[in-house]
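Participant: Let me begin by handing over the structure; questions about it come next.
The values are calculated or read from the model by the stated rules, or taken from the named source; none is laboratory data. Given the structure is predicted, the values throughout are model-derived calculations rather than measurements. Neighbour counts are summed over all protein chains in view; Cβ atoms, including those assigned to glycine, are modelled from backbone coordinates with ideal geometry.
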Amino acid sequence: MTETIKVEVDDALARKFRKKAMERYGYKKGTIKKAVEEVMIRFSMSGPVNWASLRGTLRGAKKASSVQLQHRLWSNGSVNLLGHGASTR
């Protein structure tokens, strides 16, 4: 049994996703479906979010915008919202 899910996403994001999907699965029919299924499986199996890992991480970051703070947190690999050990970013 299958279900159709329709979503609207940013054009640039869709192009990047299609390119990555084709690089991974090849330039053939069904590539996007395979990639979306893989992402959905990973997302649904990722486990609970560990919000406690964020406690205190922004202390002392007074003059940065929210975007700058997010970039700093994600780029240094110290925050893992999925609670599965160290981040692989």
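Participant: Out of all the residues in the stretch 9-40, which are under 17 Å from the mean Cα position of the chain (by Cα) and not in a helix (DSSP H, G or I)?
Facilitator: Scanning the stretch 9-40 gives Val9, Asp10.
Participant: Report yes if Asn50 is under 30 Å from Ile5 (Cβ atoms), at pLDDT below 70 and of a type outside the set (Asp, Glu), otherwise no.
Facilitator: no
Participant: In the stretch 41-63, how many residues are more than 13 Å from the chain's Cα centre (by Cα), assigned to a helix (DSSP H, G or I) and surrounded by 10 or more Cβ atoms within 10 Å (Cβ to Cβ)?
Facilitator: Residues flagged as more than 13 Å from the chain's Cα centre (by Cα), assigned to a helix (DSSP H, G or I) and surrounded by 10 or more Cβ atoms within 10 Å (Cβ to Cβ) within the stretch 41-63 amount to 2.
Participant: Within the bounds of the stretch 23-41, is there any residue that is at pLDDT below 75 and among the charged types (D, E, K, R)?
Facilitator: no
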